[in-house]
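Since every read-out is calculated from the coordinates, none of them should be taken as a lab result. Because the structure is predicted, anything quoted here is derived from the model rather than measured. When we count neighbours, we look across all protein chains shown, and the Cβ atoms used for this are built from the backbone with ideal geometry, even at glycine.
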Amino acid sequence: MLLDLEMLRISFGAFAPVDQVTLSVDRGEILGIVGESGSGKSLTATAIMGLLPRIGGQVAAGTIRFDGTDLVGLPERQMRRLRGGRIALITQNPMTSLDSMMRIGPQIDQAARLHLGLSRSAARARSLELMADLRIPDPASVYDLFPHQLSGGMKQRIVIAMALAGDPELLIADEPTTALDVTVQAQIVQILVDLVRQRGLGLILITHDMGVVAQACDRVAVMYCGRVVELAEVDALFAQPRHPYTQALIRCIPRHDMARGTMSAIPGVVPSAAAQPPGCRFNPRCARVADRCRVEIPELRIGVSGNGVACHVAEAA
Amino acid sequence: MIKHRALALLKAVSTFKGGISGAFLLLLVIGALFAPWLSPYPYDQQDLGIMNQAPSLTHLFGTDEFGRDVLSRMITGARTSLSVSVTAIGISVLLGLVLGATCGYFGGTFDRVVMTVIDLTWSFPEILIALMLVAIIGPGLEGVVIAIAIAYLAQFTRLTRTQIMSLKSETYVEATISLGAGHAHVLFSHLLPNALAPVLVAAMLATGDAIILEATLGFFGLGAQPPTPSWGAMMSSGTAQLFIAPWVILLPGLAVALTVVFINLFGDAVIAALDVRAKFREA
C-alpha cells in the first residue's frame, strides 16, 4: 500500500473532529472520500500533508503510513521533503490557490526547483511540458501570464500542474471541481483519472459530489462526523449501499427522469463537533434507527473483500 | 511585476490630480538634486547692504536678515528637507517590513514583545518621540533622521504585520507550503510582494508628515545647523522679522504646505491606480 491510515484521530484541544479513520490507497488507484461539509474530509487531507499544526490541530492517535514510514511525528525537515516531492495537494479553490502577484510559470516551477533541484531554465522546460500534458493551449504564452488573465478551469489545470511539478507519487485533490462550471468539472476529473492511469499515481479524491465519485473512483470511503461509515468498491457502493447514510446520499443525486417534487434531502444537519449525539453519530437523522444506535457507537469492520460498514442495523441484516 | 507597477504609476500620473502633483514633485526633486547649479546665488553669501529686501527681479523671493537670497536658500533647503524625510521614511519602512513580517509570520512570544514596545511608541505623538530622541542623540541631521525613522516605525510595522497575518491564511500560501516550500521562500516570494503595495502607499503619505516633522524640528533649532538651510530653520529665523520682512517666513512655509499637499494628492492618485481589488473585479 502506498498510503495507510489506521485509527487516525485528529484533535483540536478537547474536540476530536476526526476519529478512528482507517483507509488506504495503492499506486494507480483512486480513492474517493465523500461526505457533507464538516465530515472531516479536508482535515484528513491536512493531516496527511502534516499541516495540522498550522491550523492549531494535531494527530492525537493512530498512524499515517506512507510507503512504509509513519508520518506522525516525522521531523518537519523530512516532512517538507515529502510535501510536494512525494505527496502533493491540489487545494480547494483554484481562484485563490494562485499567487496573484506572480506569473503562472514561476509558480509551476517552484516544486521542481525545490525538490528536483532543477535550474530555472530546466524547470521552465519541464513546466511547459507539464502544461502541454494537461492540455493547456499555447503553454509558452500562458507561462508568462498572471492568474487573473485565466479562466477557472485553466487555473485549476495550473494548480494541478503545480502539484505535479515535483513528480509526486500520491496526489490529494481536495474538492478540485467544486468551484468550476459543470462542463469544466468533467474535463478536470478526466485529467486526474488519466494521470493516475498513465503515471501510476495514487489519488485521493475528496468531494461531496456522488456524480464525480461514480465517474472516477475505484474505491470510496464515506465519511460522516469525522468517521468512516462505509468503505467499498465503487460498483458495490452504488449497487448495494449498506449504510443508511450512503443510501440517503445516493438518493439525493438528482436524475433527469425524476417526477417533479420527488427530489429527496437528508433531514436535519450535521451536528457540530461540540454537540455530538451519543451512540451512532448519524442516529438523529437515520431512517432506520434502532435502540442500540442511540447508545453504542458502531465500529467499522472491514471484511476480506476490503469492504466494510459501521452500522448496527446493516450488520444485523 | 515591475511592468505592472510601472503601469500603475503611469495610470496615476495620467489623472489630473496625479499629473499636477507629480509635476510639482518632479520639479522639487530636480531642484533638490541640482541645487548648487540652479540657485541664483550661493545660499550662504551674505550682503549686509541688502538686508530684508522685498522680492524683486534681482532677488525673486527677497533677502533675509543677513542679505542672503531667500530663493537660493529655499532650493538648498528643499535638498535638506527632502533627503532627511525620504531617508528617514526609507529606514523606517525597511525596519518596519522586517519587524512586521517576522512578527506576523511567526507570532508567539517574539511577536508579543516587539508589538508591545511598538504600541508603546505609538501611544505618544510622533513629535514628542522625535523631540525626545533628538534630545538624547543631540541636534543635527543624523539625529533628526533617526528620530523620524523611529517615530514612524510603529505604523509600518503594524501595517506589514496585519497584511502578513491575513495573507498567511490565503489558499495560495497553503498551496506553496504543501509544495514543500520553507519559511524563507513563503515569506519572500509570496507574502512580502503581496503585502508591499499598501506599505508603499503609506510610506508615500508618511513622507509628507515627515517633511512637517523635519520642519518642526528645524524650527526648534534641532535639525540642520547654520549656515545649512532647511525650511523649518528658515521659518524659525524669519519669526523675528515677521512684520518687517514677512517673505522670509511665509515663502518657506508655503513650500512646506504645498509639498505636503502635493505628496498627499499624488499618494491618492497612486492608491486609486494601484487598487488591486478593483483589478480583480475587472478580471
> What is the dipole size for the stretch B:42-191, taken about its Cα centre, with +1 at each Lys and Arg Cβ and -1 at each Asp and Glu Cβ, in debye to the nearest 20?
Replying inline: 380
>> Can you compute the charge dipole magnitude of the protein assembly as shown about its Cα centre, using +1 on each Lys and Arg Cβ and -1 on each Asp and Glu Cβ, nothing else charged? Give it in debye, rounded to the nearest 20.
In response: 740
> What is the dipole size for the stretch A:219-306, taken about its Cα centre, with +1 at each Lys and Arg Cβ and -1 at each Asp and Glu Cβ, in debye to the nearest 20?
Replying inline: 200
> Within the protein assembly as shown, which cysteines find no other Cys whose Cβ is under 4.7 angstrom from their own?
Replying inline: A:C217, A:C225, A:C252, A:C286, A:C311, B:C103
>> Checking a compactness column here: for the stretch B:158-202, what do you get for Rg(Cα) / (2.2 N^0.38 Å), N being the number of residues?
In response: 1.13
> Counting pairs of alpha carbon atoms under 8 Å apart in space and at least six apart in sequence, what relative contact order in percent does the stretch A:241-294 give?
Replying inline: 32
>> Using amide H atoms built in the peptide plane, which far-off residues or other-chain residues are under 5 Å from B:G223 H to H?
In response: B:G140, B:G218
>> Tell me the net charge near A:G50. Cut-off is 13 Å between Cβ atoms, A:G50 excluded, with +1 for each Lys or Arg and -1 for each Asp or Glu.
In response: +3
> Which order results if A:I30, B:I30 are arranged by neighbouring Cβ count within 10 Å, fewest first?
Replying inline: B:I30, A:I30
> Of A:A47, A:P267, A:T178, which is farthest on the positive side of the dipole of the protein assembly as shown, counting Cα position, with +1 on Lys and Arg Cβ, -1 on Asp and Glu Cβ, and the Cα centre as origin?
Replying inline: A:P267
>> To check you understand DSSP bridge types, tell me what percent of the beta bridges within the protein assembly as shown (both residues inside) are antiparallel, rounded to 5.
In response: 60
> When the Cα centres of the stretch B:63-84 and the stretch A:7-26 are compared, how far apart do they sit, in Å?
Replying inline: 73
> Given the C-alpha centroids of the stretch B:129-166 and the stretch A:198-237, what is the distance between them in whole angstrom?
Replying inline: 57
> Is the shape of the stretch A:110-176 rounded, prolate or oblate, going by the alpha carbon gyration tensor and its root eigenvalues a ≥ b ≥ c, with a/c under 1.5 for rounded and a/b larger than b/c for prolate?
Replying inline: oblate
> Counting each DSSP H run of 4 or more residues in chain B as -39500 (n - 2.57), what helix-only mean residue ellipticity at 222 nm follows after dividing by all residues, to the nearest 500 deg cm²/dmol?
Replying inline: -24500 deg cm²/dmol
>> With n ≥ 4 as the cut-off for DSSP H runs, can you work out [θ] at 222 nm for chain A, using -39500 (n - 2.57) per run divided by the number of residues, rounded to the nearest 500?
In response: -9500 deg cm²/dmol
> Going by the alpha-carbon gyration tensor, a ≥ b ≥ c the square roots of its eigenvalues, is the stretch A:1-88 rounded (a/c under 1.5) or, if a/c is not under 1.5, prolate (a/b greater than b/c) versus oblate?
Replying inline: oblate
> When Lys and Arg each count +1 and Asp and Glu each count -1, what net charge do the other residues less than 13 Å away from A:D4, Cβ to Cβ, add up to?
Replying inline: -3
>> Rounded, prolate or oblate for the stretch B:1-111? Axes are the square roots of the Cα gyration tensor eigenvalues, ordered a ≥ b ≥ c, and the cut-off for rounded is a/c under 1.5.
In response: oblate
> Once phi is turned into ³J(HN,Hα) by the Karplus curve 6.51 cos²θ - 1.76 cosθ + 1.60 with θ = phi - 60°, what whole-Hz value does each residue of the stretch B:241-253 show in order, with x for glycine and proline?
Replying inline: 9, 3, 8, 7, 9, x, 4, 5, 9, 6, 5, x, x
> With point charges of +1 on the Cβ of Lys and Arg and -1 on the Cβ of Asp and Glu, referenced to the Cα centre of the stretch B:1-94, which listed residue (B:V13, B:N52, B:P36) lies farthest in the positive direction of the dipole?
Replying inline: B:V13
> Which whole-number percent is the relative contact order of chain A (Cα, under 8 Å, 6+ apart)?
Replying inline: 21
> Which one of B:T121, B:L82, B:L196 is farthest out on the positive end of the charge dipole of the stretch B:57-211, using unit charges on Cβ (Lys, Arg +1; Asp, Glu -1) and the Cα centre as origin?
Replying inline: B:L196
>> Under 8 Å for C-alpha pairs, at least 6 residues apart: give me the relative contact order for chain B, rounded to a whole percent.
In response: 25
> What number comes out for the charge environment of B:A147, summing +1 per Lys or Arg and -1 per Asp or Glu over other residues with Cβ under 12 Å away?
Replying inline: -3
